[in-house]
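What follows is a single structure, written as structure tokens, with notes after it.
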Amino acid sequence: MDLLDRYVIHSLTTEAPYPFLINCRHRAYMTSTPPASDAASTELRRPDGTPVRVLVVDDEAPLADLLSMALRYEGWKTTTAGDGASALQAARDFRPDAVILDVMLPDLTGLEVMRRLRAEQHDMPVLFLTAKDAVEDRIAGLTAGGDDYVTKPFSLEEVVARLRGLLRRAGAAAVRAESVLVVGDLSLDEDSHEVFRGEDPIRLTATEFELLRFLMRNPRRVLSKPQILDRVWSYDFGGQGNVVELYISYLRRKIDAGRSPMIHTMRGAGYVLKPADATAPAR
């Protein structure tokens with residue numbers, strides 16, 4: 001049975017972000033209306049500034065794919081799994097920030113999958129999908145530690161809204177995706193050129209700003225001196241990387257002074273910026 005035999009997809013309006021989906025075979029019914037303007041202009045990010053990651057686990061592949069499509073529209077990265085074993089492997093490889101998990105799977109129960117996932121990532125939010133009349137499943141899921149649930153049939157908007165709430169409580173930050181870079185407690189507004197470390201404003205020169213922007217656009221990535229020279233100064237200094245070292249030292253004085261460091265030197269490789277380790281001593 002192919003997808004078109006089970007689902008008919010229409011567009012609700014030209015502005016609607018998600019498909020208007022009617023299941024022809026009594027499985028699920030999902031609708032959507034356009035989101036509020038505030039939701040459309042912001043997206044959730046991980047502490048290092050990268051998009052949040054969501055694992056969708058459901059043995060109905062068309063349903064899992066449609067959920068993934070809606071989540072990708074939010075700017076999130078997704079991957080899917082059709083059974084418990086695949087979900088556990090996907091979680092190890094993908095390292096999701098949250099999981100949408102069907103209670104009924106062909107091999108393991110959703111509760112058992114959650115128990116094993118939580119053994120490795122104890123604070124990862126889990127949103128259960130349950131049948132409309134399965135009250136005992138909902139109670140069991142919440143009692144076992146599930147964070148929330150939605151019942152089939154459901155709307156895509158409801159799933160996204162509930163997941164947003166769980167992710168915010170778990171520490172994801174809502175930022176204006178078009179202008180603000182966020183890595184840990186460091187934020188940089190590309191429009192206003194404002195930079196903050198926590199609540200503290202940081203004043204930068206034009207070159208310092210460009211260097212920090214390049215580092216923040218590549219969090220956790222080691223950048224070599226030639227890469228930095230090419231991107232920030234737009235030409236080669238004849239192999240002399242002293243200017244990079246000099247400006248890195250300027251940034252450290254402004255970004256890291258008196259705080260846990262975020263800018264790190266990788267000997268023989270370059271420099272990397274990443275969220276501060278709360279246990280590391282301040283400089």
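Close contacts from the range 241-270, counting a first residue that is free of Cβ contacts under 8 Å to residues at least 12 places away in the same chain and a second that is buried (at least 17 other Cβ atoms within 10 Å of the Cβ) and β-branched (V, I, T), with Cβ to Cβ under 6 Å and a gap of 6+ residues or different chains, come to H264/V272. Of all residues in the range 41-61, none satisfies being touching a helix residue (DSSP H, G or I) at 6+ places or on another chain (Cβ under 8 Å), at pLDDT below 50 and not in a helix (DSSP H, G or I). Applying the set (1) out of contact with any Leu (no Cβ under 6 Å at 6 or more places or on another chain); (2) crowded, with 17+ Cβ neighbours inside 10 Å; (3) farther than 23 Å from P51 by Cα to A119 leaves exactly one unmet item: (2). Scanning the range 142-190 for residues that are modelled with pLDDT under 70, over 13 Å from the mean Cα position of the chain (by Cα) and crowded, with 20+ Cβ neighbours inside 10 Å yields a total of 1. Among the candidates R217, R197, R203, R253, the residue that is closer than 25 Å to P47 by Cβ and open to solvent by less than 60 Å² (accessible area, probe 1.4 Å) is uniquely R197.
The sole residue among A85, A36 that is at pLDDT 90 or above and on the phi < 0 side of the Ramachandran plot is A85. Is at least one residue of the range 91-102 among the acidic types (D, E), at pLDDT 90 or above, touching a strand residue (DSSP E or B) at 6+ places or on another chain (Cβ under 8 Å) and closer than 17 Å to F154 by Cβ? Yes.
The values are calculated or read from the model by the stated rules, or taken from the named source; none is laboratory data. It should be emphasised that the depicted structure is a prediction, and the values quoted were computed from it without experimental measurement. Please note: Cβ atoms are built from the backbone with ideal geometry, for glycine as well, and neighbour counts cover all protein chains shown. What goes into the accessible areas is simple: the full protein's heavy atoms, side chains included, and nothing from ligands, DNA or RNA. Shrake-Rupley method; radii C 1.70, N 1.55, O 1.52, S 1.80 Å.
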